[in-house]
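The values are calculated or read from the model by the stated rules, or taken from the named source; none is laboratory data. In this text the structure is predicted, and so the values were computed from the model without any measurement. Quick note on the areas: whole protein, heavy atoms, side chains included, nothing else; ligands and nucleic acids left out. Shrake-Rupley method; radii C 1.70, N 1.55, O 1.52, S 1.80 Å.
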Amino acid sequence: MAKLKVGVLISGRGSNMAALIEAAREPSYPAEIACVVSNVAAAAGVETARQAGIATAVIPHKDFPDRESFDRAVSAELEKHGVGLVALAGFLRIQSPWFPQHWAGRIINIHPSLLPAFKGLRVQQQALDAGVRLSGCTVHFVTPDLDSGPIIAQAAVPVLPGDDETALAARVLDAEHRLYPLALRLIAEGKVRVEGERAVVADAPALDGIMFNPAIG
Ligand code: GRF
């Protein structure tokens, strides 16, 4: 079966992008990274993608008069590469409603919290301020509302005594690098469908076990 062609949008470090590239190296992986687009020329992830032999494009948002014209240029670049699914991976540009509407059902994002808790920025600080004992990350379809959209997959990590933003972010990021390739695989295998506000995953292995934090002694 033909592989799903994925376009990854980044603005910075690109560690989630790198995790997707790495996963897609596996011959049996059902998706391929067709291109990486950054709105920031200096984004470290652009160099990482280049070194991995992936087509890259830098499209600076400052070159455009408004959000939608930038979004249309990004979209044209993705379409040039035959992209069937857009994966946002640390793409720090709020998009015009046009973009998620144009790519409806074909655009996903990874967010470093268990949505719908802690949307927006300074996510780990929000989690620490709220005193939650479990945090994590979410892969979801993108809709015009920020950090909303049907949830495809989540991974949970504990919040530990003494955690600061950096420590918690590192633990969540580690989970992100495993969750994003898993979610992309499920989509590429045609196992994810959207029913109203929710995404349903077919044939998902049953989970057993409860994560306690503090742990039961
Ligand atoms: C990740 O924490 C992701 O969840 C959020 O932005 C960060 C991007 O990190 N959307 P990286 O560029 O993938 O390393």
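Relative to the longest principal axis of the Cα atoms of the chain, helix 67-80 runs at roughly 80 degrees.
Per-residue extension of 0.36 nm, minus the Cα-Cα distance of residue 202 and residue 165, leaves a gain of 9.8 nm for this segment. Considering only beta bridges that DSSP places wholly inside the chain, some 45 percent are antiparallel.
The accessible surface of the chain, taken with every protein chain in place and a 1.4 Å probe, is 55 percent carbon and sulfur. Using a cutoff of 8 angstrom between alpha carbon atoms and counting only pairs six or more residues apart, the relative contact order for the stretch 1-103 works out to 36 percent. Averaging the sequence gap over all C-alpha pairs within less than 8 Å and six or more residues apart, then dividing by the number of residues, gives the stretch 110-217 a relative contact order of 25 percent. Report the relative contact order of the chain, percent, no decimals, based on alpha-carbon pairs under 8 angstrom and at least 6 residues apart. Once normalised by length, the contact order is 18 percent. Residue order by solvent-accessible surface for 138, 166 is 166, 138, largest first, with ligands and nucleic acids left out and a 1.4 Å probe.
When 98, 103 are compared by accessible surface with a 1.4 Å probe, the order from highest to lowest is 98, 103. At a probe radius of 1.4 angstrom, the accessible area of the chain per residue rounds to 51 square angstrom.
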